[in-house]
Ligand SMILES: *Cc1c(COP(=O)(O)O)cnc(C)c1O
């Protein structure tokens, strides 16, 4: 069987099994294929199996691949899952359908301006630094309620969910549980959490979007930034 299709089917099987175990509908878990570092050929193989939801973590890299692919396959849904600088907000709004990484007022403000200017409404997530790691992006768990409210009130942004990347050496479940708790407090229904190694745990704690690279594409050629 075609390798891309086989990896997709294996991943969907894992999703299905994890959802079943907690009596969730498999369709409520949306799979984002994280294509960072992979070229158009590998991406197109997956698109041709019928998969249309993709994620990238760097805007410049995404700009080199996705405008052409989006033109060829207009139903692609593209997710920005990496850090966003304010001078890239314009490009992000132009290219992405969903942005997972809002984490400070400046970004919220420039995104709101660009969305207004371009007449585009990407779906928006706030990134939470659940492990409070100094080098990692995201608002601290203690600040997330205030920050989301500020996005809503000051910038009229319709935040639909929260996203996290647990510390690599930690057991991920407590981080997923914390993210779910914060989302519930805020009345947010979407949770972007879980990657190749831990998405079952994320699904069991309520993930609605899982971000999966390696399980779908194999090892990355270069280290992610
Ligand atoms: C690269 C990346 C992923 C995918 O990681 P895998 O372990 O390859 O599944 C998920 N989320 C973010 C934010 C990433 O940068």
Practice task
Determine if the range 170-179 includes at least one residue that is crowded, with 23+ Cβ neighbours inside 10 Å, modelled with pLDDT of 95 or more and either part of a strand (DSSP E or B) or away from the ligand (no atom under 14 Å from the Cβ) (or both).
Solution key: no
Exercise for the section: Tally the residues that are over 15 Å from residue 201 (Cα atoms) and within 16 Å of the ligand (Cβ to nearest atom), restricting the search to the range 21-38. Expected result: 7
Handout entry: Counted residues, the range 39-61 - those being within 16 Å of the ligand (Cβ to nearest atom), under 19 Å from the mean Cα position of the chain (by Cα) and not in a loop (DSSP other than H, G, I, E, B)
Key = 9
Handout entry: Total residues in the range 180-208, condition in contact (Cβ under 8 Å) with a residue 24 or more places away in the chain, buried (at least 21 other Cβ atoms within 10 Å of the Cβ) and near the ligand (Cβ under 10 Å from one of its atoms)
Key = 3
Problem - Candidate set from the range 79-95 (those that are touching a helix residue (DSSP H, G or I) at 6+ places or on another chain (Cβ under 9 Å) and closer than 19 Å to residue 193 by Cβ); member that is surrounded by the most Cβ atoms within 10 Å (Cβ to Cβ) - result: 80
Practice task
Output yes when any residue across the range 28-37 is more than 17 Å from the chain's Cα centre (by Cα), modelled with pLDDT of 95 or more and surrounded by fewer than 16 Cβ atoms within 10 Å (Cβ to Cβ), and no when none is.
Solution key: no
Problem - Conditions (1) within 19 Å of residue 133 (Cβ to Cβ); (2) touching a strand residue (DSSP E or B) at 6+ places or on another chain (Cβ under 6 Å); (3) within 11 Å of the ligand (Cβ to nearest atom): number failed by residue 216 - result: (1)
Exercise for the section: Among residues belonging to the range 140-169 that are over 15 Å from residue 81 (Cα atoms) and within 16 Å of the ligand (Cβ to nearest atom), point out the one that is modelled with the highest pLDDT. Expected result: 167
Fill in the blank from the handout: Sole miss for residue 12 among (1) closer than 12 Å to residue 199 by Cβ; (2) without any contact (Cβ under 8 Å) to a residue 40 or more places away in the chain; (3) buried (at least 19 other Cβ atoms within 10 Å of the Cβ) is condition (3)
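The values are calculated or read from the model by the stated rules, or taken from the named source; none is laboratory data. Here the structure is a predicted model, which is why all the values come from computation and not from measurement. Virtual Cβ from ideal backbone geometry, glycine too; neighbours counted across all protein chains shown.
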